[in-house]
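One structure is given below, encoded as structure tokens.
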Amino acid sequence: MASATRPYTEFTSFDADTLWIGDEIGIPATGPALAGLDYPIKVSDTSETLTNSIISANRRSKVLFATTAIVKSAKRKLAAIDSGIELTTNTSNAIEIDGERLVEVTARFPDSKNPQCLSRDCGRAANTIMGLKGKPAAQAEYGDDQESAVSAQPSTFRSEILGWMGSDRDAYMSKNEDQADAEDEKAGINRYAMPGVGDAYTIVASYDNPTRWGYHFAGVILAPGHDRVTAENEAVGENVEENLNWKFETFGPPTKRGQSFHDQESKQWAGSRTEGAMTISVKNPRFWKKPVREIMKIYDDKQLREHWGGWPWHELEQRSIEIKTEYFKFHGWREPEQADVTFELVGPKARRKYESGWWTVHRGGSDTWRVPIKRLIGTPPQGSSMNVELAERKGESLIQFTWDYSVPQEALPFPPVKATNGYARVTVGLSDLPPDTD
């Protein structure tokens, strides 16, 4: 049966080397595992994945089969964002569907107290998939590559997207189906929300939703064609931090009404678009990709800092100021071969400073080290100038100058500021590398 018309949700049984849709239509399939599955099952349109999340004895089964190629691709993308899920394939347990060989896939969560368990809070579970556990929040993606302000509240994303659409609550809820569908496609929301591997769905419930949940998240772990496979959990059952009740689930594209994440979740509990519900793609902001100079600019700008939430400070904790000192000549008529020196870097507005302490240096030698940016900049806004001094124990300054780290430059790491008095040279610059001293 052609995938363009295949309703994956209706694979209801397996018999005679065939997966059946009802009693009349089937596709070829082989493998002993197929006979032992609970049905219905969901097979992606590309036949690259199979999931089953039937609830049995108050626990969800966690059946996932996938091609080794799609798992390998996903693992690479998940590792790139430091995702908290690890996928493992068992090639000895394989099935074949429509010519594709799928192997058993299992998941573990190394950062959980029990690696088999996932947070029962759907948002925290999605943060695990997105590599955000213990880090600042996600941001929404919508429209033509628009990125929202960072927030842990999906309703904030909805408000921003409505503003971008030139809409408001009443206008959003009053559109007829054709108008709504055209708006949704342009904004990339609801049925048209298509998060990638390592991203997540979130649905904000209708404004007057009577349930105790205001939203739901589901992290995407595989992307076979236009379908999406998620690993997700929800706050049901016993009140514990983590549990085994998470599931794999498959959702379809907007072209197949009833299969999308939005269709499924709005039908179950969140309410319809006419009631204000909205499904949105969210992602890890990947803030670590930004060079330190850009992060400093964001950090010193109140509006930008509010847009990015806790990310600028979080990432500056991972970056440093690099210092290099070189020695050509020391004071004294005999030009001694060595001297005791100390280095001091005073932060903006003299609120914080770094002191190296004393150490012995040799003529013709040099020293390089990196100190944490957070040790010097404190709480914003602080300004952008720092005072630098390298001095001998005798109290005589070898070199002293003011360093303005905000001067725009193109190359990175930040081009060094050099100063020399003929006896020594000090090079100071922002570095994308982590500090090597506290």
Exercise for review: Go through region 42-156 and tell me which strands (runs of 3 or more DSSP E), entirely inside it, have 1 or more residues that are closer than 30 Å to Gly188 by Cβ and charged (D, E, K, R).
Suggested key: 86-97, 100-108, 139-142
Review point. Residues in region 242-262: is at least one in a helix (DSSP H, G or I) and modelled with pLDDT of 95 or more?
Key: yes
Exercise for review: Please give the number of the condition Ser167 fails out of (1) modelled with pLDDT of 95 or more; (2) of a type in the set (Gly, Ala, Ser); (3) more than 29 Å from Val236 (Cβ to Cβ); (4) not in a helix (DSSP H, G or I).
Suggested key: (1)
Exercise for review: Give the number of residues within region 202-216 that are over 13 Å from Ala277 (Cα atoms) and assigned to a strand (DSSP E or B).
Suggested key: 0
Check your understanding: Out of all the residues in region 276-297, is one or more closer than 30 Å to Glu389 by Cβ, touching a Lys or Arg at 6+ places or on another chain (Cβ under 6 Å) and either not polar (S, T, N, Q) or not in a loop (DSSP other than H, G, I, E, B) (or both)?
Key -> yes
Exercise for review: Test Lys324 against the criterion of being assigned to a strand (DSSP E or B) and either of a type in the set (D, E, K, R) or surrounded by 16 or more Cβ atoms within 10 Å (Cβ to Cβ) (or both), and give yes or no.
Suggested key: yes
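Being surrounded by 12 or more Cβ atoms within 10 Å (Cβ to Cβ), hydrophobic (A, V, I, L, M, F, W, C) and at pLDDT below 90 is the filter; apply it to region 35-64 and report the residue that is nearest to Gln116 (Cα to Cα).
Selected residue: Ile54.
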Practice item. Of all residues in region 342-351, count the ones that are at pLDDT below 90 and surrounded by 15 or more Cβ atoms within 10 Å (Cβ to Cβ). Key: 2
Exercise for review: Please work out which residue is surrounded by the fewest Cβ atoms within 10 Å (Cβ to Cβ), limiting yourself to region 118-146 and to residues that are over 29 Å from Asn245 (Cα atoms) and in contact with a helix residue (DSSP H, G or I) (Cβ under 9 Å, 6 or more places away or on another chain).
Suggested key: Asp144
Exercise for review: Identify the residue in region 395-438 that is among the aliphatic types (A, V, I, L, M), modelled with pLDDT under 90 and under 28 Å from the mean Cα position of the chain (by Cα) and, among all such residues, is farthest from Lys353 (Cα to Cα).
Suggested key: Ala411
Study note, to complete from the structure: Here the residues within region 172-201 that are assigned to a loop (DSSP other than H, G, I, E, B) and within 23 Å of Glu232 (Cβ to Cβ) are Gly188, Ile189, Ala193, Met194, Pro195, Gly196, Val197, Gly198, Asp199
Check your understanding: In region 149-170, what count of residues is obtained for those that are touching a strand residue (DSSP E or B) at 6+ places or on another chain (Cβ under 9 Å), surrounded by fewer than 18 Cβ atoms within 10 Å (Cβ to Cβ) and of a type in the set (Ser, Thr, Tyr)?
Key -> 2
Exercise for review: Scan region 151-200 for residues that are free of Cβ contacts under 8 Å to residues at least 60 places away in the same chain and either at positive phi or among the hydroxyl-bearing types (Ser, Thr, Tyr) (or both) and jot them down.
Suggested key: Thr156, Ser159, Gly166, Ser167
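Which one is surrounded by the fewest Cβ atoms within 10 Å (Cβ to Cβ) among residues in region 353-389 that are modelled with pLDDT under 90 and part of a loop (DSSP other than H, G, I, E, B)? Break it down into steps so the answer makes sense when it comes.
Of the residues in region 353-389, the ones modelled with pLDDT under 90 are 373-386.
This time we only want the ones that are part of a loop (DSSP other than H, G, I, E, B), so: 373, 378-384.
On the way: Ile373: 24, Gly378: 13, Thr379: 8, Pro380: 17, Pro381: 14, Gln382: 17, Gly383: 15, Ser384: 15.
This residue is Thr379.
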Review point. Looking at this structure, is Ala339 surrounded by fewer than 18 Cβ atoms within 10 Å (Cβ to Cβ) and either touching a strand residue (DSSP E or B) at 6+ places or on another chain (Cβ under 9 Å) or not assigned by TED's automatic domain parsing to the domain that holds Gln146 (or both)?
Key: no
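The values are calculated or read from the model by the stated rules, or taken from the named source; none is laboratory data. The structure displayed is predicted, hence computed values, not measured ones. A quick note on method: Cβ atoms are made from the backbone with ideal geometry, for glycine too, and the neighbour counts reach across all protein chains shown.
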